[in-house]
Structures are given as structure tokens and as C-alpha cells.
Amino acid sequence: MTVDNQSAQVSGSLVNGSLINGSSFAGNGEEWKVINPADSSVVATLKLATPADVSYAVDSARLAFAGWSRTVPAERSALLHALATRLEERAEEYVKVESAQTGKPYRLCREFDIPGSIDNVRYFAGLCRNLEGKASTEWVANLNSSVRREPLGVVGSIAPWNYPFQMAMWKILPAVAAGNTIVLKPAELTPLTALMLAQDCTEVGFPDGVVNVVTGSGPVAGEALVSHPDVAMVSFTGSTKVGRRVMELATMGIKRVHLELGGKAPFVVFADADLQAAAHGAVAGTLINSGQDCTAATRAYVHESLFDAFVTMVSELFEEISVGDPRLESTDIGPLVSMAQRDRVHGFVERARSLGAVVHVGGELIGDPSGAFYPPTLVTGAGQDSEIVQEEIFGPVLVVLPFGSVEEGLALANDTPYGLAASAWTRSVLISERAQREINAGTVWINDHIPIMSEMPHGGFAGSGFGKDMSTYSLEEYTRLKHVAVDITGDIKKEWHRTIFRDRHAAP
């Protein structure tokens, strides 16, 4: 494994931390520095939003909703297509800023985060012109029924730090495509591309107040947003612990809630699997975004007949991974998002080691002490009930455990509180069908792990939350259904009136 940490060039400039009602806004809270985790340099300095700033943003979104909710889908579609074009023109700028604030390799931003998000814009530009509902017809005599799908109002969204640009898209796109307005609170660690995105929405013609961004802390700005009486829906992506708090606050206001929470994705390798494919899939699925991905492969269950060979092969592949300067094309993974996150990940490994687990590769702090780097780490010998197997680590760590029967492998896959994503590796159609049916996760990949696409839903079960991002199903999350029934006879007296009038005034 190689480490090459050249300091990224950053400006450290003072920027406004919010965009409200179409204008850049400083915020009235404490000063905050956005740090490049590759070298601890200051990317930007801003002021955080206060509850009063959040209230200003919600008020702006509420006032904008009256007009935006009445725009025809074609108008919303045209603006989204214009946004996609602008993002394509600025793609390289987004790559550099996203990398600077997160430590992501340019290669990951350029080939995955940015183009995938732009594709998402194009998808929702088309989807907003294709609302679905039941056919209009007479389900009872003389009364025509139809369904209206309507926007909810102001959506309050909170996005995480691991995919700042992509998660801003997942929050903003279905909300505005459905005719809602939005106040987005990005993570204060990584707010810059969300602010750029909001500015670009304004530049391409979105009306003032439709897309608002407020940068603030969770306990201050986040709770103010979730609790605001004029917020009709709350969408949160983050940890299960914080998700519980969000749901508690939202429930007090009878708000619609969408939660995409933590994950602990199982990677189940059955006896008939293609071992090389599984090993390569495990490396890619574990190390995507330095392991800071809620769908990342974090616990591999490998049939006992393949266990030793799998551990050897993955260890060798881990050793080949280049960790270092995010700007270099040769870099495979960059740093974790912060020193605190690096230390948290290392703590999991150290505690597992102290309890007898074996660290085959990695497991040590590496590189320039100013960078939050952590190596690909492979662990065996941990118990199924240990924290390193049960809890979300959010780092480049894979724990490998053996199993015997198909039944045991499937049972172990379901043996955590989470249910976001999973993969099964097998050549057997029968085992594949069982895995699809029996693994309790919102996404189940067969012989692959990680790919997502705009057309398919993403979201979890159990401790991983509920609701879907992307796809036509996400648009349903951001709309309400209204049944409209219209009399088609013009008769004063209806047959059912006899339940009140008996025979005196009922229709003959």
C-alpha cells in the first residue's frame, strides 16, 4: 500500500454559509471552518445559521410555494434540464470543491459522484411530467372519481457529509420536481457544493425561495428546521441515532418523515461463488468513498470452504490500494472526512484486536499526521455479537466471518438491526432466488455490490429507516393523494339520500 499526501491547493476564503430566497446569506451564528481532511488546511470560513435564519428560510420557502406549486410540470422540467446543462459546464469545478471539502479522490468525484448526480437531474426532469394515479372512472354509479397528486408544501431536508453533492440532489430533485419548495441543511463539515448547487438553481431561473440552503449544526439549525411548524415534510439521511431524534421532533408536528439511516451491509459468499469476482467485489464494495458509504460492504460471510482463500485474496488486493493525495489519478482512496472520524474507525479496530480478533492487513494510522488517512483493513476472528460486526464503522474496514449452510449464511446476513443493502455471490439460480427473497434489505445485489441508478429506488428497512430516494417511488414520497369525486348527473336527489330522508325526498 502506498501513501502520497501532497497538500491540495485551497483558498481558505470567507464565504456565505446560506442561500435564502435567491440570495447569498451570511448567517448569524458562530464562525465555522471547512477543513480539507487530506492536509488539515482551511477550505473556507463561514458563519453558521441560527434558528432565526432557519425561520427566515422556511418563511421564504412557504411564500414561494404558492407560485411554484402551480407551475406546470413542463416548466419545472425545463428548469431542471437547464440546471443539468449548467452542472455539466461546471463539472470540473464541482469535482475540485467536492474533493477539497471531503477528501474524495478526483477520480471518484469525476467518474461517480458528479456525473451520477447530473444524470439524476435529467431523470427527474422527465419524471415530473409523468405523474401516475388510478384511471378516472365511475367506481360507483353516477359519480366520477379521479386522483390528484399534489405537492406537500415546504420540505425540510438534512443531508450527510459523505456524499454532499449527491445527497443534496437526492433531497432537492424529487421535492422541487413534485412542486414543493425546500430548505436543505447540508452537513456543516461539507456544505460548499450544496451552496454552489443552490446558486446554480437561482442562476438558471428557479424562482426565489424555491431552493434554500442553510449551513448549521444539527442541534441548532437541524432541530429548528425539523421542528418548524411550516415544514410539511422532513427528509433526513444520517445515523440511526440522529434519525430517532428527527422522527421524535417531526412526530410532534404530525409531519411526513423520510429517513435513510445507517447500514451494515452483508456480503455473503456462497460455496459455488466465483471466488475472484467475489474478492474483487469485496474490495471495491468495501473501499468506495474510503468506506464512508452506508451501503458499503462491511461484513463478509464466506462459506467455510472458500474462507481462507478469500481472506488471502482480499488481503493481497487491499495491499495494492493506493491511499493518498485526492488530486492524483493514481490515488484509489483518500482520507476520511475528519481526524475525529479516523480516530473513531481506528477505535473499532483496536477494540476488536484487544478482544482477540486478527488484523490481516491495515489497522494502523498512516501517512502525514495532518491528514485523516486510514488504510484498507481486513479483520477476522471477531464474534458475530461484537461491535465491529454489529455497529456501523463508516471506514475502510471489512470483517470476514465463516459460515456452513445456506441457511446459516442467510441468517447471519439478517443478524444486525440494519436493513439497507446486501449482496449475495453465487452461481446458483436457486440460492440467488432465496437471497433475494430472504435477505432483509432495501437493495439486494447478486454478484455485485454498490451500483445504483436513477431509475431504481434506494432506501432501507428496520433500523435503516423507511422511504425511497431516486426513481418514481421517491416522487411519491413528496406528494399527497387527493380523491376527487364529481357528480355526472346534475340530479338534485341522489339514490343514497334515502339513508337520511327515507322515501320522502330520495330519488325515485
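The values are calculated or read from the model by the stated rules, or taken from the named source; none is laboratory data. The structure presented is a predicted model; accordingly, all values stated were derived computationally and were not measured. No Cβ is skipped: glycine too gets one built from the backbone with ideal geometry, and neighbour counts run over all protein chains shown.
Okay, here's what the table says:
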{"quantity": "Residue selected from the range 353-368 under the condition free of Cβ contacts under 8 Å to residues at least 24 places away in the same chain and in contact with a helix residue (DSSP H, G or I) (Cβ under 8 Å, 6 or more places away or on another chain), by the criterion nearest to Val314 (Cα to Cα)", "calculated": "Val359"}
{"quantity": "Positions within the range 255-291 being out of contact with any His (no Cβ under 6 Å at 6 or more places or on another chain), of a type outside the set (A, V, I, L, M), in a helix (DSSP H, G or I) and under 24 Å from Phe348 (Cβ atoms), in sequence order", "calculated": "Thr286, Asn289, Ser290, Gly291"}
{"quantity": "Scope the range 223-263; condition surrounded by fewer than 24 Cβ atoms within 10 Å (Cβ to Cβ) and closer than 30 Å to Thr426 by Cα; matching residues", "calculated": "Gly262"}
{"quantity": "Subset tally (residues that are of a type outside the set (Ser, Thr, Tyr) and assigned to a loop (DSSP other than H, G, I, E, B)) for the range 487-503", "calculated": "8"}
{"quantity": "Entirely in the range 333-443, the helices (runs of 4 or more DSSP H) that have 1 or more residues that are within 22 Å of Pro37 (Cβ to Cβ)", "calculated": "339-354"}
{"quantity": "Scan of the range 454-470 for residues that are farther than 18 Å from Ser157 by Cα and either of a type in the set (Phe, Trp, Tyr) or outside any loop (DSSP other than H, G, I, E, B) (or both), ordered by number", "calculated": "Phe461, Ala462, Gly463"}
{"quantity": "Selection from the range 321-340 of residues that are surrounded by 18 or more Cβ atoms within 10 Å (Cβ to Cβ), under 16 Å from Pro375 (Cβ atoms) and not aliphatic (A, V, I, L, M)", "calculated": "Gly324, Asp325, Pro326, Thr331, Asp332, Gly334, Pro335"}
{"quantity": "Residue match in the range 403-418 (condition: in the same structural domain as Pro376 (by TED's automatic domain parsing), modelled with pLDDT of 95 or more, within 17 Å of the chain's Cα centre (by Cα) and not acidic (Asp, Glu))", "calculated": "yes"}
{"quantity": "Condition met for Arg122 (farther than 27 Å from Met247 by Cβ, of a type in the set (Lys, Arg) and out of contact with any Cys (no Cβ under 6 Å at 6 or more places or on another chain))", "calculated": "yes"}
{"quantity": "Residues that are buried (at least 20 other Cβ atoms within 10 Å of the Cβ), within 13 Å of Pro326 (Cα to Cα) and not hydroxyl-bearing (Ser, Thr, Tyr), drawn from the range 89-128", "calculated": "Val95, Val97, Glu98, Ala100, Gln101, Gly103, Lys104, Pro105, Leu108, Cys109"}
{"quantity": "Answer residue from the range 6-24, given it is part of a loop (DSSP other than H, G, I, E, B) and among the aliphatic types (A, V, I, L, M) and is modelled with the lowest pLDDT among those", "calculated": "Ala8"}
{"quantity": "Of all residues making up the range 160-186, the number that are within 25 Å of Glu111 (Cα to Cα), out of contact with any strand residue (DSSP E or B) (no Cβ under 8 Å at 6 or more places or on another chain) and buried (at least 24 other Cβ atoms within 10 Å of the Cβ)", "calculated": "6"}
{"quantity": "Some residue of the range 298-320 being surrounded by 23 or more Cβ atoms within 10 Å (Cβ to Cβ), assigned to a loop (DSSP other than H, G, I, E, B), assigned by TED's automatic domain parsing to the domain that holds Val345 and among the hydrophobic types (A, V, I, L, M, F, W, C)", "calculated": "no"}
{"quantity": "Residue within the range 474-496 that is surrounded by fewer than 19 Cβ atoms within 10 Å (Cβ to Cβ), touching a residue at least 12 places away in the same chain (Cβ under 8 Å), farther than 27 Å from Ala135 by Cβ and out of contact with any Phe, Trp or Tyr (no Cβ under 6 Å at 6 or more places or on another chain) present", "calculated": "yes"}
{"quantity": "Index of the failed condition, Phe394 passing every other in (1) surrounded by fewer than 16 Cβ atoms within 10 Å (Cβ to Cβ); (2) closer than 30 Å to Ser117 by Cα; (3) in contact with a Gly (Cβ under 7 Å, 6 or more places away or on another chain)", "calculated": "(1)"}
{"quantity": "Which numbered condition Val302 fails, given (1) out of contact with any helix residue (DSSP H, G or I) (no Cβ under 6 Å at 6 or more places or on another chain); (2) under 24 Å from Ala422 (Cα atoms)", "calculated": "(1)"}
{"quantity": "Some residue of the range 40-56 being modelled with pLDDT under 95, outside any strand (DSSP E or B) and either surrounded by fewer than 20 Cβ atoms within 10 Å (Cβ to Cβ) or assigned by TED's automatic domain parsing to the domain that holds His228 (or both)", "calculated": "yes"}
{"quantity": "Cβ-Cβ under 9 Å pairs, at least 6 apart or on other chains, the range 270-291 side closer than 21 Å to Gln436 by Cα, far side part of a helix (DSSP H, G or I) and among the charged types (D, E, K, R)", "calculated": "Ala279/Glu316"}
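Residues checked against (1) assigned by TED's automatic domain parsing to the domain that holds Leu336; (2) closer than 20 Å to Asn36 by Cα; (3) not acidic (Asp, Glu):
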residue	(1), (2), (3)
Gly156	no, no, yes
Trp161	no, yes, yes
Met167	no, yes, yes
Ala178	no, no, yes
Leu184	no, no, yes
Ala187	no, yes, yes
Gln199	no, no, yes
Asp208	no, no, no
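A quick yes/no check of all residues on (1) in contact with a Leu (Cβ under 7 Å, 6 or more places away or on another chain); (2) of a type in the set (Val, Ile, Thr):
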{"site": "Gly222", "(1), (2)": "no, no"}
{"site": "Val283", "(1), (2)": "yes, yes"}
{"site": "Ser290", "(1), (2)": "yes, no"}
{"site": "Ala296", "(1), (2)": "no, no"}
